[in-house]
Amino acid sequence: MLPFARVAIIGMGLIGSSLARAIRAAMPTVQLVVSDADEDVRERVIQLGLADDVTDGAGAAVVDADLVILCVPVGAMAAVAAEIGPELSPDTVVSDVGSVKESVAKVLGAALPGVHVIPAHPVAGTEKSGPDAGFASLFQGRWCIITPPPRADAMMVEKLAEFWRRLGARVELMDAAHHDRVLAVTSHLPHLIAYSIVGTASDLEAVTKAEVIKYSAGGFRDFTRIAASDPVMWRDVFLNNREAVLELLGRFTEDLVALQRAIRWGEGDTLEALFTRTRAIRRSIIDEGQDTEKADFGR
Ligand SMILES: NC(=O)C1=CN([C@@H]2O[C@H](COP(=O)(O)OP(=O)(O)OC[C@H]3O[C@@H](n4cnc5c(N)ncnc54)[C@H](O)[C@@H]3O)[C@@H](O)[C@H]2O)C=CC1
Ligand SMILES: O=C(O)C(=O)Cc1ccc(O)cc1
């Protein structure tokens with residue numbers, strides 16, 4: 001039996017539209033009703049035939065839904081929760097895909113008392129945005145971290161886990177605060193570094209814009225992909241995972257200064273030891289199948 005028969009998706013960008021496509025592929029009998037605040041996005045979703053119904057407002061989309069998934073930037077979760085609250089049935093599960101979990105759990109819990117709120121985060125994506133960027137296989141073999149609040153209904157949590165497994169994801173349950181600390185290391189800080197280094201390179205007057213483009217082979221090119229990620233989404237990630245990111249940034253800048261010192265004093269052994277350790281980390285990621293180059297993301 002399907003875990004959910006009627007699913008509503010609010011926000012039909014990269015993740016919402018990937019979810020819609022993945023649901024269509026894996027659970028074709030699910031009734032799919034979607035909405036988005038942007039009229040152009042709604043129009044495009046209709047053209048692409050991604051849902052059974054596309055509503056103008058979020059409230060209308062969630063009527064009679066068993067599962068509602070909020071796929072909007074983290075900073076927009078509260079506004080959407082306020083919009084859908086009056087239309088929800090008592091048995092509806094409300095989940096989300098936000099990249100930060102503690103603040104989302106807090107705003108959804110406060111805005112939707114008495115509702116089954118079970119936040120989640122599929123750790124899968126790209127630097128692209130919008131409904132054309134989505135694809136059905138995005139979640140295949142990728143982790144989906146579910147962060148159930150302390151008093152969450154175990155049966156509803158299992159139904160949500162089963163839903164994500166059917167989309168091809170590997171599911172892990174985690175405390176929201178722990179999720180935010182882990183993702184600060186594995187995702188949020190790397191994005192911040194990419195934004196920073198690409199900004200620095202473009203600010204350097206000695207390196208003209210043409211040279212940055214012409215010689216952007218290898219490492220810098222990889223950074224520019226990450227630094228092309230959605231500005232609104234990432235603004236919200238940093239504003240909502242402030243403590244974990246700031247703590248980590250402190251540690252990161254200390255380590256960077258240690259490298260600066262090693263270069264200044266010609267401490268080749270220090271540099272080589274670190275680079276050997278990091279090469280091993282890369283190899284272990286590839287062995288675990290977590291490397292994006294193995295997946296077909298069209299990059
Ligand atoms: N981009 C990525 O690689 C990943 C993103 N996420 C999370 O998924 C969520 C969505 O991200 P993307 O799909 O990448 O963004 P996106 O920018 O492609 O799509 C977001 C959509 O939400 C709509 N929206 C914004 N405010 C709204 C509101 N108040 N009511 C209804 N619709 C609204 C926008 O019009 C847009 O179509 C974010 O919370 C992000 O943190 C999670 C995993 C990966
Ligand atoms: O494009 C990339 O490299 C990503 O890291 C995608 C991504 C962005 C945000 C998330 O919360 C999860 C995955």
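No value in this document is a laboratory result; all are computed from the given coordinates. This is a predicted model, so every value here is computed, not measured. Because the Cβ atoms are built from the backbone with ideal geometry, glycine has one as well, and the counts that use them run over all protein chains shown.
The table that follows gives values for the structure above.
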read-out	value
Computed over region 171-266: relative contact order in percent, which uses C-alpha pairs under 8 Å that are six or more apart	40 percent
Gyration tensor (alpha-carbon) shape descriptor, region 43-156, a/c threshold 1.5	oblate
Assigned charges on the beta-carbon of Lys, Arg, Asp, Glu; region 6-175 dipole about Cα centre (debye)	620 debye
Calculated P(r) tail over 25 Å for region 178-291, as whole % of Cα pairs	36 percent
Lysine pairs within the chain, Cα separation less than 30 Å, 8 or more sequence positions apart or different chains	11
Region 220-255-region 31-103 distance, computed between alpha-carbon centres (Å)	27 Å
Tilt relative to the chain, helix 242-264 - C-alpha long axis, 0 to 90 degrees, to 10	20 degrees
Cα gyration tensor category, rounded, prolate or oblate, for region 125-202 with a/c compared to 1.5	oblate
Average Cα contact separation per residue, region 1-126, under 8 Å, 6 or more apart, as relative contact order %	23 percent
Computed magnitude of the charge dipole of the chain (debye, nearest 20; Cβ of K, R +1, Cβ of D, E -1)	800 debye
Angle between the chain longest axis and helix 268-287 axis [Cα atoms, degrees, rounded to 10]	30 degrees
Length-normalised contact order of the chain in % [C-alpha pairs under 8 Å, at least 6 apart]	16 percent
Gyration tensor verdict on the chain (Cα atoms; rounded if a/c is under 1.5, prolate if a/b is larger than b/c, oblate otherwise)	prolate
